[in-house]
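Chemist: Here's a structure for you.
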Amino acid sequence: MIRALSMKRLISVISLLLVLLLAGAAVLAWQAWQWWRAPLALAAETVELSIEPGTSPPMVARQWVLAGVQTDERALYWAFRLSGQAQRIRAGSYALQQGDSPERLLQKMVRGEELLETLRLLEGWTFAQVRAELAAQPHLRKTLWAKSDADLMALLGQPGVAPEGRFFPDTYRYGRGVSDITVLRQANQAMQRRLAAAWAARAPGLPLQQPDDLLKLASIVEKETGTEADRAKVAAVFVNRLRIGMRLQTDPTVIYGLGDRFDGNLRKIDLLTDTPFNSYTRAGLPPTPIALPGAASLQAAANPASIKALYFVARGAGSSEFSDTLEAHNRAVNRYQR
């Protein structure tokens, strides 16, 4: 009888302990759930971290704490692990803002919601300006500073190709720590696609032998156009000159050929001094493009306006006066320039 009472008492004690354990576990689970969904305390308004490929989940948790996430790194790691997604964390650059929870942090890393920077390449830029802009980007990993233009183009899979005009002017977004060659490759591939599309859709009978000729012409159009409405007409003037073997006689090619010697003032002696890019002394297109042409200039070069004009002169406010003959052009020059 005594033994039976003792057994009942033991069972009661064990049951009570189990109830207490389950209650405690439920409380802990509830607290963990609340912590998982609650905003993390941060040392600053924004905490940023770049996760290298191959970083283990425990190290990711530790790096976030070292970066300024004010929580226990073990709790953060176990939260990642118990979610079942710890192994899906992606390398990249991430930013955590005030109000973000551990759950939101893991979502960012699993989805690859990186902190992105912006690089903008402008129409009409030379490759020297492109390189300067790349060098000025604080969050790009610099790999090209000691490489020549030839070495750079070889890295892009275009050995022997001049870099001028080979990068499409656009806005490119990249994660922090990405290499400069990676972003440059995007711009190069974008230009290849745009040029191929423009070449495929070109008007019949153009005096252009290959896509590179279209790129060269588009770069001149980019530098010579003052207003959007004139772009196709400017292209037509140069196409008409090419058709009859007339020299292009365009100042931007001369300026490009002068390089660092150009001081902002183009003189008559410059027009008479021969260089490979002087379109007053040499016939045909220049050896390479002279700038980055945008989509509109590529389109204009591929489909110039149906006009007979051989000349144009600026008439103010960016627009130009177009003339079919030299006599009409001289009258326009007298009217708008002299």
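The values are calculated or read from the model by the stated rules, or taken from the named source; none is laboratory data. This is a predicted model, so every value here is computed, not measured. Please note: Cβ atoms are built from the backbone with ideal geometry, for glycine as well, and neighbour counts cover all protein chains shown.
Chemist: Pull out all pairs, ordered by first then second residue, where Cβ-Cβ is under 9 Å, the residues are six or more apart or on different chains, the first lies in region 65-84 and is within 16 Å of L49 (Cβ to Cβ) and in a helix (DSSP H, G or I), and the second is modelled with pLDDT of 90 or more and basic (K, R).
Modeler: Matching pairs, first to second residue: E73/R62; L76/R62; Y77/R62.
Chemist: Within region 118-125, is there a residue that is of a type in the set (G, A, S) and either crowded, with 16+ Cβ neighbours inside 10 Å or free of Cβ contacts under 8 Å to residues at least 40 places away in the same chain (or both)?
Modeler: Within region 118-125, one or more residues are of a type in the set (G, A, S) and either crowded, with 16+ Cβ neighbours inside 10 Å or free of Cβ contacts under 8 Å to residues at least 40 places away in the same chain (or both).
Chemist: Just give me the residues in region 318-338 being part of a loop (DSSP other than H, G, I, E, B) and charged (D, E, K, R), in sequence order.
Modeler: Listed by number, the residues that qualify are D324, R338.
Chemist: I'd like the full set of residues that are touching a residue at least 12 places away in the same chain (Cβ under 8 Å) and farther than 22 Å from A218 by Cα, limited to region 167-183.
Modeler: R173, Y174, G175, R176, G177, V178, S179, D180, I181, V183
Chemist: Tell me, which residue of region 143-185 that is surrounded by fewer than 14 Cβ atoms within 10 Å (Cβ to Cβ) and in contact with a strand residue (DSSP E or B) (Cβ under 8 Å, 6 or more places away or on another chain) is nearest to E113 (Cα to Cα)?
Modeler: Per the stated criteria, the residue is R173.
Chemist: Being buried (at least 17 other Cβ atoms within 10 Å of the Cβ), under 17 Å from P163 (Cα atoms) and touching a Leu at 6+ places or on another chain (Cβ under 7 Å): is that true of N188 here?
Modeler: Answer is yes for this residue.
Chemist: Sticking with this structure for a sec: Please list, ordered by residue number, the helices (runs of 4 or more DSSP H) wholly in region 217-317 having 2 or more residues that are over 27 Å from L184 (Cβ atoms) and of a type in the set (D, E, K, R).
Modeler: Passing ranges, in order: 231-244, 268-272.
Chemist: Something else: Take the residues in region 85-111 that are among the charged types (D, E, K, R) and closer than 17 Å to G175 by Cβ; name whichever of them is surrounded by the fewest Cβ atoms within 10 Å (Cβ to Cβ).
Modeler: Selected residue: R111.
Chemist: If you don't mind, there's one more thing I want to ask. Among the numbered criteria (1) in the same structural domain as A314 (by TED's automatic domain parsing); (2) farther than 21 Å from S279 by Cα; (3) of a type outside the set (S, T, N, Q), which single criterion is violated by I220?
Modeler: (2)
Chemist: Going by what's in this entry, would L215 be described as of a type in the set (A, V, I, L, M), surrounded by fewer than 19 Cβ atoms within 10 Å (Cβ to Cβ) and either free of Cβ contacts under 8 Å to residues at least 60 places away in the same chain or closer than 21 Å to E164 by Cα (or both)?
Modeler: No: the conditions fail for L215.
Chemist: Let me ask you something else. Take the residues in region 90-111 that are under 25 Å from the mean Cα position of the chain (by Cα) and in a loop (DSSP other than H, G, I, E, B); name whichever of them is modelled with the highest pLDDT.
Modeler: Selected residue: R90.
Chemist: For region 302-317, state whether one or more residues are under 26 Å from D170 (Cα atoms) and either in contact with a Ser or Thr (Cβ under 8 Å, 6 or more places away or on another chain) or surrounded by fewer than 16 Cβ atoms within 10 Å (Cβ to Cβ) (or both).
Modeler: For region 302-317, residues under 26 Å from D170 (Cα atoms) and either in contact with a Ser or Thr (Cβ under 8 Å, 6 or more places away or on another chain) or surrounded by fewer than 16 Cβ atoms within 10 Å (Cβ to Cβ) (or both): present.
Chemist: Exactly one of these conditions fails for A235: (1) farther than 21 Å from M153 by Cβ; (2) surrounded by fewer than 19 Cβ atoms within 10 Å (Cβ to Cβ). Give me its number.
Modeler: With (1) farther than 21 Å from M153 by Cβ; (2) surrounded by fewer than 19 Cβ atoms within 10 Å (Cβ to Cβ) applied to A235, the lone miss is (2).
Chemist: Next up: Checking the conditions here, which among E123, E114, E164 is assigned to a loop (DSSP other than H, G, I, E, B), farther than 22 Å from G294 by Cα and either in contact with a Ser or Thr (Cβ under 6 Å, 6 or more places away or on another chain) or of a type in the set (D, E) (or both)?
Modeler: E114
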